[in-house]
Amino acid sequence: MNGLGNGSNLQDIGISFVISIRSNYTPLSLMLLVASIIIIPPVITQSSSAQLPVQKKKVVLTAIIVQLHTNRDIGKTLLDRALTNLKMMNPNLDIKLNYLEYPYNQLQSQLLKMMNDTTTTTITTTTAYGSVDLISLDQIWLGEFAQKGLLTDLTNYTKNWGRQNDWYDENWNGGIYGGKVYGIWAWTDIRGIWYWKDLLDKASVNPDSLKSWNGYIAAAKN
C-alpha cells in the first residue's frame, strides 16, 4: 500500500494493463494487475500572514513487468504514458515509478518471492523498492495468485470505468477468475496456422477441425 497510512480524506486510484505475448510455440497471455492504492492528500496549514508552500506528498509505485524477449522496457513505454495522465489527475502528489523487468522464465518465482506478505483485503508486500503495485502475469498463473490473495479485485473499478466493451470478450474474460476481474489486456497479437493440404488429406484430417484446440489435438494424434 506504499505505506501511506490512514486518513479521513481518501482517494482510490486504480491502474491496470494486460499483455499478450508469444514464446516459442506456446501463446502466453500476460496480464498486468494492479493493487488498489490509497492516497492521502497533504494537509496544508496557514498562518495569519502567509500561506506555507504546498508540499507534494511523495508516492512511489513499483511495477514488475515481463521482459518480452529482447525488447527491453516495452512495458515502461505504456506505464510512462499512464504515469503522465496519473500526475495530471493528481497534481498534489509527487508520483514516481520504480520499473523492474524479469525474463519470463524468472517472472513467476520473482513475483511470488516479492508478494508473499499479504492480507485478505489489500496488498501489503514491501521490497527494497517499496510496495508492489503493478505486475504482468501470465494468464495460466492468474488462479494461483488470486487464490493466495496477491491480487486486487478490480471488478468495481471496471464497472465504474465502463469500458469493458472496448475489448473482445475473449480478451476481457481472460482477466477474470472466480467471477472477479483481476487484469485487463494492454495489447494482444494474431496467430495463424499454415499447413500442407496434401499431408492433412493423407492423414484424413479436415482443416476445419483445426479451428478448436480439441480438433487440433485430435489431428496431432493422426
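Okay, here's what the table says:
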read-out	value
Number of positions in the stretch 57-114 that are surrounded by fewer than 16 Cβ atoms within 10 Å (Cβ to Cβ), more than 21 Å from Trp141 (Cα to Cα) and among the polar types (S, T, N, Q)	6
Top-ranked residue of the stretch 162-173 - restricted to ones that are surrounded by 13 or more Cβ atoms within 10 Å (Cβ to Cβ) and free of Cβ contacts under 8 Å to residues at least 40 places away in the same chain, ranked as nearest to the chain's Cα centre (by Cα)	Trp172
All positions within the stretch 174-207 that are in contact (Cβ under 8 Å) with a residue 40 or more places away in the chain, surrounded by fewer than 17 Cβ atoms within 10 Å (Cβ to Cβ) and either touching a Phe, Trp or Tyr at 6+ places or on another chain (Cβ under 7 Å) or not charged (D, E, K, R) (or both)	Trp187
Unique residue being at pLDDT below 75 and under 17 Å from the mean Cα position of the chain (by Cα) when the list is Thr122, Thr118, Thr126	Thr122
So Lys87, is it modelled with pLDDT of 90 or more, part of a strand (DSSP E or B) and assigned by TED's automatic domain parsing to the domain that holds Pro53	no
Options Ala186, Ala146; residue that is under 20 Å from Asp133 (Cα atoms) and modelled with pLDDT under 90	Ala186
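Yes/no matrix, rows are residues, columns are (1) aliphatic (A, V, I, L, M); (2) more than 22 Å from Trp185 (Cβ to Cβ):
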position	(1), (2)
Lys58	no, yes
Leu61	yes, no
Leu68	yes, no
Thr77	no, no
Leu83	yes, no
Leu93	yes, yes
Tyr99	no, no
Tyr102	no, no
Leu111	yes, no
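The values are calculated or read from the model by the stated rules, or taken from the named source; none is laboratory data. It should be emphasised that the depicted structure is a prediction, and the values quoted were computed from it without experimental measurement. Virtual Cβ from ideal backbone geometry, glycine too; neighbours counted across all protein chains shown.
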